[in-house]
1. For the chain, what does -39500 (n - 2.57) per DSSP helix run (n ≥ 4), summed and divided by total residues, give at 222 nm, in deg cm²/dmol to the nearest 500?
2. Measuring from label point to label point, each 7 Å out along Cα→Cβ, what is the VAL143 to LEU56 span in nm?
3. If you bin every alpha carbon distance in the stretch 64-166 into 10 Å steps from zero, what whole percent lands in each bin?
4. Counting just the Cα atoms, what span does the stretch 55-117 cover along each of its three principal axes? Round to the nearest Å and put the largest first.
5. Any chance you could list the semi-axes, whole Å, largest first, of the equivalent ellipsoid that the Cα gyration tensor gives for the chain, using √(5λ)?
6. Normalising by the residue count of the chain, find the relative contact order in percent from Cα pairs under 8 Å and 6+ residues apart.
7. Which shape class, rounded, prolate or oblate, goes with the stretch 137-180 when its Cα gyration tensor gives a ≥ b ≥ c as root eigenvalues, a/c under 1.5 marks rounded, and past that a/b bigger than b/c marks prolate?
8. For a test of understanding, tell me how many lysine pairs in the chain have Cα atoms under 13 Å apart, given they are 8 or more places apart or on different chains.
Amino acid sequence: MMDCKKALTESGGDVDKAIEILRVKQGKRIEDRGERLATEGTVQSYVHSNAKVGVLVEVDTETDFVARNDELVAFAKDIALHIAAAAPEYVTEEDVDEERRQSELRVYEQEAADKPENVRAKIAEGKLRKWYETVVLLDQPHVNGDKYDGKTIGQLLDEVRAKTGENVQIRRFARFAVGQ
């Protein structure tokens, strides 16, 4: 509450400006947390009702207290459900190896070869961005879009970080599917 009053004062009473100030400060806090080590955490699972797809996901936190928090455990389980449905291959864009990234980019550049030269690179980059949404967990909108208002897993993770005040990380996952 003190942050809200302070932001309103800083904005000269302009509510929209106060909201912007708070958003900037919250983003900075999340950035600062990223440097702290997340060495505690939880491993959660999801097995689809048809017993043909299962997921294990590791979500790490700074403290054991937060790792055992019911909301964090529920978040991790919900991420496991998302992974089962959306089948991402990587947690972050940085996890995509450069060779695969360049291979995809070359395909998109070739697809844009018949477009005007001044827009080819933008088209290829746009297609690469769209591809990330299919293979990178943090870039994917949650499969339960109605429940999460179309937010990406990365946005939901940022909300958990803001709520817990800790550096929460989705460290890794394993997705198993019968026949794959």
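1. Rounded to the nearest 500, the figure is -17000 deg cm²/dmol.
2. For the pair VAL143/LEU56, the computed spacing is 2.0 nm.
3. For the stretch 64-166, the pair-distance distribution reads 14, 36, 28, 15, 6, 1.
4. 55, 24, 20
5. Computed over the chain, the values are 32, 27, 14 Å.
6. Rounded, it is 26 percent for the chain.
7. Verdict is oblate for the stretch 137-180.
8. Number of lysine pairs found: 5.
A short reminder: the numbers here are calculations on the coordinates, not readings from a lab. Note that this is a predicted model, so its numbers are computed, not measured. Cβ atoms come from the backbone with ideal geometry, glycine included; neighbour counts cover every protein chain shown.
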